[in-house]
Amino acid sequence: MTTVTEAVKRVLDPDELSALEDGDLERICADPALAQRFARRLARLAQQIAPGRDWTPDDLRDVLEVAVHGSSQQAARVLEGRYFRKRLREQVGLADRYGDTFAVVVLTMAEGVTEGVYSSVLDAVTERLRKTDMVFLYRRRFALLLPRMRAAGLDPLIARVRELVAVGAGPTAIERIVSLVYPDNFASEDEEDERRGERVLDWAEDQLR
């Protein structure tokens, strides 16, 4: 089975290049190599339109999601906790490849909270998140995965979530909130990207035990 990485490394033959030039949507969407080549071309064009940013295919995805589906200030995706590690690993790979940061936040509920309080906290959390953000549900915890989040934006977000939770569920509903920004909190010139990614996965696992 050919992986996406292997496909991207492949040299495109004339027929495949023709599919790009002709805008053959079906073929482009069916082939990761063609899709990524097309996305990189779009990113270069975006650089000409808006030179103030080093555009990536992920940037284009976010803009096009809003263009097609509406404002990014819509409900975040709510997922079961068992999907968290896979999505986190994917985000580490994107961050290492394109240089974008992301944040992880883990909220731990107080012991003995009722289902109503749990739901109230979930509502308060998702109210402040973007459509591209993800919330993973556990028995007493919420894990938030926030693509393209920087430290400057994370602290105000956490403060606002605390305020909303205090209003809706009471100031004692949350036992603690821990967070990190990747790769900022794991920066080391002597450490390979792969090991750095494993460290953030280990950190997340520790917070969810």
Could you tell me whether segment 109-116 includes any residue that is of a type in the set (Gly, Ala, Ser) and in contact with a strand residue (DSSP E or B) (Cβ under 6 Å, 6 or more places away or on another chain)? yes
Output the qualifying pairs, or none if there are none: Cβ atoms under 8 angstrom, residues six or more apart or on different chains, first residue in segment 72-101 and within 18 Å of residue 131 (Cα to Cα) and basic (Lys, Arg), second residue surrounded by 14 or more Cβ atoms within 10 Å (Cβ to Cβ) and at pLDDT below 90. 77/131
When restricted to 126, 108, the only residue outside any loop (DSSP other than H, G, I, E, B) and over 19 Å from the mean Cα position of the chain (by Cα) is 108
Residue identified as assigned to a helix (DSSP H, G or I), under 30 Å from residue 185 (Cα atoms) and either modelled with pLDDT of 80 or more or among the basic types (Lys, Arg) (or both) among 37, 27, 53, 82: 82
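The values are calculated or read from the model by the stated rules, or taken from the named source; none is laboratory data. The structure displayed is predicted, hence computed values, not measured ones. For neighbour counting, all protein chains shown are included, and Cβ atoms are generated from backbone atoms with ideal geometry for every residue, glycine included.
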